[in-house]
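Read through the structure below, which is laid out as structure tokens, and then see the notes.
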Amino acid sequence: MKKITVLGAGMVGSSIIGDLSKEFDVTAVDLKIENLDEVRKKFYVKTVVADLTSESEIKAVVKDADLVVSAVPGFMGFETLRSIIYSGKNAVDISFFNHDPFELDELAKMSNLTVVVDCGVCPGLSNIVLGYLNQRVKIESYECYVGGLPFNKEYPFNYKAPFSPVDVIEEYVRPARIKIDNQIVIKEALSETEILNFGKAGILEAFNTDGLRTLLTTMEIPNMAEKTLRYPGHAELMNIFRTTGLFSSEEIKIGENKIRPVDLTSQLLFPHWKPAADEKEFTVLRLKIIAKENSVKKEYIFDLFDEFDDKTSTSSMARTTGYTCTSAARLILNDDFSRTGICPPEFIGSEPGCYHKILSMLEEKNIRFTLSEKEL
């Protein structure tokens with residue numbers, strides 16, 4: 001039986017651990033004992049307490065692994081992945097770190113490793129779809145809308161964070177890179193808000209965030225944009241927080257102490273943004289792609305709506321992110337995807353057969369797209 005080490009046993013990490021433990025020998029690693037206790041209650045896996053900011057500890061816990069999954073917070077993701085590569089292990093990463101992953105490309109290729117990055121729902125599943133379609137039609141524009149939200153809206157935020165609040169705040173601060181007429185254009189995060197109807201998800205607002213990431217360099221598509229979805233009014237509130245300086249990472253002095261405002265803000269927000277146990281929520285993803293197919297201009301719209309799974313008590317964000325990750329892991333372990341170096345998910349989508357295998361694995365878990373297309 002092949003061995004997998006999963007670094008990080010939080011909400012999404014635990015869903016990855018549970019899914020992979022059905023057919024592999026899984027070891028879960030985390031610094032928080034309470035996370036590992038929860039994992040042991042649910043799944044038959046080994047657990048190890050380790051400091052995942054330490055290269056030596058990472059090397060020790062992944063030593064026997066056939067593949068490593070990194071599900072650590074974004075702020076530590078790049079160095080964690082570097083340590084995994086130094087350890088000579090194939091990997092799938094969902095930390096969504098802020099560095100350019102291709103900085104590690106040569107290192108991965110030197111060891112003949114397959115390292116898939118950004119492998120969640122978006123970026124991740126969205127990239128896989130785009131990578132597949134880009135091999136078959138001439139794409140002129142790509143728009144992506146994505147969000148994870150609670151069904152129960154609670155004033156004033158109308159939001160719950162399915163992952164680290166610090167990582168959410170980073171989305172609201174980091175300038176958004178989009179592509180217009182083959183030129184990368186910088187937009188302010190939270191800008192250009194629009195109100196749209198997403199069917200089951202209802203009326204939501206969309207605003208610019210820096211979600212295109214690797215697509216900006218791997219896809220020769222002239223127009224691309226990504227927007228995050230929230231309930232109407234959330235962007236304006238977050239703009240107030242940012243303008244006030246509450247999201248700043250620059251240290252300020254208060255008395256004799258120095259603090260980063262963002263650290264204080266994230267601690268204060270966490271109790272309000274933390275989902276309740278078994279809180280019902282949903283994930284919505286829409287991809288709008290305009291392309292020419294055999295000289296005919298068409299619009300393709302891929303819609304995905306997923307919600308909390310009552311049977312397994314698994315959140316939708318953990319399902320859509322975690323199971324995309326585990327599907328990619330299975331491709332690598334089954335030798336269906338073996339491209340070496342840093343591989344963003346669009347590389348998986350462009351590999352013959354991989355797109356349909358990923359979608360098939362997700363459909364087994366009742367995660368599926370609806371596709372509509374029309375001539376323009």
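The values are calculated or read from the model by the stated rules, or taken from the named source; none is laboratory data. Because the structure is predicted, anything quoted here is derived from the model rather than measured. Here the Cβ is made from the backbone with ideal geometry for all residues, glycine too, and neighbour counts use every protein chain on show. Protein only, heavy atoms only, side chains kept; ligands, DNA and RNA dropped before computing areas. Shrake-Rupley method; radii C 1.70, N 1.55, O 1.52, S 1.80 Å.
With respect to the numbered conditions (1) modelled with pLDDT of 95 or more; (2) more than 23 Å from the chain's Cα centre (by Cα); (3) open to solvent by 10 Å² or more (accessible area, probe 1.4 Å), which one is the sole condition not fulfilled by Ala50?
Unmet condition: (3).
Being within 30 Å of Leu376 (Cα to Cα) and open to solvent by 60 Å² or more (accessible area, probe 1.4 Å) is the filter here, so list the residues in the range 263-292 that pass it. Walk me through it before giving the result.
Let us first name the residues in the range 263-292 that are within 30 Å of Leu376 (Cα to Cα), namely 283-292.
Passing the criteria: Lys288, Lys292.
Can you go through Leu133, Leu190, Leu204, Leu196 and tell me which one is modelled with pLDDT of 95 or more and in contact with a Gly (Cβ under 7 Å, 6 or more places away or on another chain)? First the steps, then the outcome.
Details: Leu133 fails: in contact with a Gly (Cβ under 7 Å, 6 or more places away or on another chain); Leu190 fails: in contact with a Gly (Cβ under 7 Å, 6 or more places away or on another chain); Leu196 fails: in contact with a Gly (Cβ under 7 Å, 6 or more places away or on another chain).
Answer to the check: Leu204.
In the range 212-248, how many residues are in contact with a helix residue (DSSP H, G or I) (Cβ under 8 Å, 6 or more places away or on another chain) and part of a loop (DSSP other than H, G, I, E, B)?
Matching residues across the range 212-248 total 7.
Among the residues of the range 91-150 satisfying the criterion of being in a loop (DSSP other than H, G, I, E, B), open to solvent by 20 Å² or more (accessible area, probe 1.4 Å) and touching a residue at least 40 places away in the same chain (Cβ under 8 Å), which is nearest to Leu285 (Cα to Cα)? Explain how you work it out, then say what you get.
If we filter the range 91-150 for residues that are in a loop (DSSP other than H, G, I, E, B), which is where we start, we get 94-100, 111-113, 117-119, 122-123, 135-137.
Subsequent filtering for residues that are open to solvent by 20 Å² or more (accessible area, probe 1.4 Å) retains 96, 98-100, 111-112, 122, 135-136.
Next cut, touching a residue at least 40 places away in the same chain (Cβ under 8 Å) only: 96, 98, 112, 122, 135-136.
Working: Phe96: 18, Asn98: 22, Asn112: 34, Cys122: 8, Gln135: 22, Arg136: 22 Å.
The qualifying residue nearest to Leu285 (Cα to Cα) is Cys122.
Out of the range 161-181, which residues are crowded, with 20+ Cβ neighbours inside 10 Å, closer than 24 Å to Thr218 by Cα and of a type in the set (Val, Ile, Thr)?
Ile178
Identify, from the list Glu375, Glu346, the residue that is surrounded by fewer than 16 Cβ atoms within 10 Å (Cβ to Cβ) and either modelled with pLDDT of 95 or more or charged (D, E, K, R) (or both). If you could, list the steps in order and put the result at the bottom.
On the way: Glu346 fails: surrounded by fewer than 16 Cβ atoms within 10 Å (Cβ to Cβ).
Among Glu375, Glu346, only Glu375 is surrounded by fewer than 16 Cβ atoms within 10 Å (Cβ to Cβ) and either modelled with pLDDT of 95 or more or charged (D, E, K, R) (or both).
Any idea which of Thr326, Thr283 is of a type outside the set (Gly, Ala, Ser) and assigned to a helix (DSSP H, G or I)? Give the steps one after another, and end with the answer.
Details: Thr283 fails: assigned to a helix (DSSP H, G or I).
Only one candidate passes the filter, namely Thr326.
Can you go through Glu34, Glu38, Glu79 and tell me which one is open to solvent by 50 Å² or more (accessible area, probe 1.4 Å), in contact with a Phe, Trp or Tyr (Cβ under 9 Å, 6 or more places away or on another chain) and in a helix (DSSP H, G or I)? Working first, answer last.
Values: Glu34 fails: in contact with a Phe, Trp or Tyr (Cβ under 9 Å, 6 or more places away or on another chain); Glu38 fails: in contact with a Phe, Trp or Tyr (Cβ under 9 Å, 6 or more places away or on another chain).
Among Glu34, Glu38, Glu79, only Glu79 is open to solvent by 50 Å² or more (accessible area, probe 1.4 Å), in contact with a Phe, Trp or Tyr (Cβ under 9 Å, 6 or more places away or on another chain) and in a helix (DSSP H, G or I).
Spot the failing condition for Gly353; the list is (1) open to solvent by 10 Å² or more (accessible area, probe 1.4 Å); (2) within 16 Å of Leu67 (Cβ to Cβ), and only one is missed.
Answer for Gly353: the failing condition is (2).
Test each condition in (1) open to solvent by 60 Å² or more (accessible area, probe 1.4 Å); (2) within 23 Å of the chain's Cα centre (by Cα) for Tyr44 and report the one that comes out false.
Failing condition for Tyr44: (2).
Mind checking which residues of the range 55-73 are crowded, with 19+ Cβ neighbours inside 10 Å and assigned to a helix (DSSP H, G or I)? Spell out the reasoning first.
Here is the first cut: in the range 55-73, the ones crowded, with 19+ Cβ neighbours inside 10 Å are 58, 61-62, 65, 67-72.
Across the range 55-73, the qualifying residues are Ile58, Val61, Val62.
Say whether the condition of being touching a helix residue (DSSP H, G or I) at 6+ places or on another chain (Cβ under 8 Å), open to solvent by less than 70 Å² (accessible area, probe 1.4 Å) and not in a loop (DSSP other than H, G, I, E, B) is met by at least one residue in the range 186-194.
No; the residues of the range 186-194 include none that is touching a helix residue (DSSP H, G or I) at 6+ places or on another chain (Cβ under 8 Å), open to solvent by less than 70 Å² (accessible area, probe 1.4 Å) and not in a loop (DSSP other than H, G, I, E, B).
Restricting to the range 249-262, name every residue that is over 30 Å from Pro344 (Cβ atoms) and either open to solvent by less than 50 Å² (accessible area, probe 1.4 Å) or in a helix (DSSP H, G or I) (or both).
Pro261, the sole residue that qualifies.
Exactly one condition in (1) within 19 Å of the chain's Cα centre (by Cα); (2) outside any loop (DSSP other than H, G, I, E, B) is not met by Lys160; state its number.
Looking at each condition in turn, Lys160 falls short on (2).
Among the listed residues Thr209, Thr243, which satisfies the condition of being open to solvent by less than 40 Å² (accessible area, probe 1.4 Å) and polar (S, T, N, Q)?
Thr209
Output yes when any residue across the range 319-327 is of a type outside the set (S, T, N, Q), touching a Ser or Thr at 6+ places or on another chain (Cβ under 9 Å) and surrounded by fewer than 20 Cβ atoms within 10 Å (Cβ to Cβ), and no when none is.
no
Please enumerate the residues belonging to the range 3-18 that are open to solvent by less than 10 Å² (accessible area, probe 1.4 Å) and within 14 Å of Ser95 (Cβ to Cβ).
Result: Val6, Leu7, Gly8, Ala9, Gly13, Ile16.
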